[in-house]
Every structure is written in structure tokens, then in C-alpha cells.
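Visitor: Mind having a look at this structure? Questions to follow.
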Amino acid sequence: MESIYNNILVAKVESKKLLAILIDPDKVSMGQVSVLCQKINSSPATHILVGGSSFEGTHLDELILELKSKFELPILLFPGNPSQISANADGILFLSLLSGRNPDYLIEHQINAVPILKKTDLEVISTAYILIESGSETAVERVSKTKPLDRNNLDFVLQTAQAGEYLGNKLVYLEAGSGAKLAVPSEMITLVSQNIQIPVIVGGGIRSKKEIGDAFNAGADMVVIGTAFENDSNFFD
């Protein structure tokens, strides 16, 4: 497979907007996969993310193999911790939670993931993960025991994103959180996207096609939807 990251960069240069559907293995049983894949195939999705803040199941490998048998979209892991790594995926967003100060999510989980990743052919894409306050406590906040950044302090969010870029991250992910009441503000997306060179991913709290369009228009290079698609598999009909 071609480099997933290079394809993201090309899409950014060509102003081609990317859409990822996030599949939380905690919320998807193997019996649901076939119907889910039919809906994904009829959607404008360009990428699949698999993962969540926590996962206690044992079917991650099986789930990803089943997904790969149904379509050819690149599958990226979106792990909450090293236990959510599967060699069957195509790549992994190697997340560092820059919005928080819990060392486990800044570097400890990443160190523990290295021996696992070295045994795979996964494309590793370093990602500055920035949690934005969204009106309610999200799973990311609860599990990571960190506070999101103030949604009104745009300059500090930009400063954090720029620090991520200086640290060598290849992507910046602005995350409102799964099931968020409020999506990442459009003005924040615009400010960040106009002042860093690397692609910007936006997710959390996006519940309609209009809100996807708003995020794209604000400058997002990739938009991620999860809860909305889980709750309504006819989302794109």
C-alpha cells in the first residue's frame, strides 16, 4: 500500500477533503460488521479509524481482518493504549496527548507500544492529540485524567498545536471527544490550519453533514465522525 501519510499530504496540497469513520470496537460486535461495511461503502469515507479510549474485548484482530475483507480503504488504529494495537491494520495514529499533563499519555504509553510496533509493518504517523473542552466530560477526559483546553482560548490552542509541529508531529488532531455536546469551534480550526504546515484532523461532536462541511470550510483536512454514524448508519443517505 502507498504511504497513507503521503496521500494525506497530497490531498492537503490538492485541497481534497478527507473523511474518516471511527469504529469503536467496544461498541461494534462481529455480527454487526457486515451491515456496517455496506453503509461505509455507500458513504464518502476515505479512511477508517479503529479504536477508543478503552477496550476490554478480544476481537480487535478479527474485526480489522473482517473490515479489510469488505473494502480497500486504509485502516488506521486510533488507540487509547498499547493493548489496542493490531498488526492487521495498515497504520497507526501514534498519539501524544499534548493538551494534558498526564505522563502516561504524553510518553509512557508510547514507550510501551514500541516493542509491539517493531513486530509489525504498521505505518506509524506521529500525531499531536489536543482535547478541546466540549460542554461535558468525555471518555478521553475521564480515562486520561486530563482536562481539555479552554475552547475560548484560541491562542493557547494554536500555541499547543505549533508546539506539536515543532516536536516533529506529522498531524494535529483537534478532538472534542466522543459524544461531545459541542464540536471544535470553526474559528479555532481556521486559526490552527492557517498557522501550521501539517494537516489538521478534527473530530468529536459532529452530528450532521452540514457540520462536516463547516469543519472542512474552516480548514480541516480530515474530519472524523463516530457517534453520529454509530447512531444513524443512514447518516449519508
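Visitor: Can you give me the number of residues within the stretch 201-234 that are in contact with a Ser or Thr (Cβ under 9 Å, 6 or more places away or on another chain), under 23 Å from Glu137 (Cβ atoms) and open to solvent by 40 Å² or more (accessible area, probe 1.4 Å)?
Guide: Residues flagged as in contact with a Ser or Thr (Cβ under 9 Å, 6 or more places away or on another chain), under 23 Å from Glu137 (Cβ atoms) and open to solvent by 40 Å² or more (accessible area, probe 1.4 Å) within the stretch 201-234 amount to 2.
Visitor: Now a separate question. Name the pairs whose Cβ atoms lie under 9 Å apart, with the first residue in the stretch 76-91 and β-branched (Val, Ile, Thr), the second modelled with pLDDT of 95 or more and open to solvent by 10 Å² or more (accessible area, probe 1.4 Å), and 6 or more positions between them or separate chains?
Guide: Correct list of pairs: Ile85/Leu60; Ile85/Pro79; Ile85/Ile116; Ile85/Leu117; Ile85/Thr120; Ile85/Leu122.
Visitor: Same structure again: Within the stretch 129-159, track down each residue that is of a type in the set (S, T, N, Q), out of contact with any helix residue (DSSP H, G or I) (no Cβ under 9 Å at 6 or more places or on another chain) and outside any loop (DSSP other than H, G, I, E, B).
Guide: Once the filter is applied, which keeps residues that are of a type in the set (S, T, N, Q), out of contact with any helix residue (DSSP H, G or I) (no Cβ under 9 Å at 6 or more places or on another chain) and outside any loop (DSSP other than H, G, I, E, B), the stretch 129-159 yields only Gln159.
Visitor: Please give the number of the condition Ala87 fails out of (1) buried (at least 18 other Cβ atoms within 10 Å of the Cβ); (2) in contact with a Ser or Thr (Cβ under 6 Å, 6 or more places away or on another chain); (3) more than 22 Å from Ala161 (Cα to Cα).
Guide: (1)
Visitor: Moving on. So which of Ala139, Ala87 is within 16 Å of the chain's Cα centre (by Cα) and closer than 25 Å to Leu63 by Cα? Steps first, answer last, please.
Guide: Details: Ala87 fails: within 16 Å of the chain's Cα centre (by Cα).
Exactly one residue qualifies, and that residue is Ala139.
Visitor: Okay, next question. Hey, could you check the stretch 2-19 for residues that are out of contact with any strand residue (DSSP E or B) (no Cβ under 8 Å at 6 or more places or on another chain) and within 17 Å of Leu76 (Cα to Cα) and say which is most open to solvent (accessible area, probe 1.4 Å)?
Guide: Checking each candidate, the answer is Glu2.
The values are calculated or read from the model by the stated rules, or taken from the named source; none is laboratory data. Please read all numbers here as calculations on a predicted model, not as lab measurements. Here Cβ is always computed from backbone atoms with ideal geometry, including for glycine, and neighbour counts include all displayed protein chains. Calculation scope for accessible area: heavy atoms of the full protein, side chains included, ligands and nucleic acids excluded. Shrake-Rupley method; radii C 1.70, N 1.55, O 1.52, S 1.80 Å.
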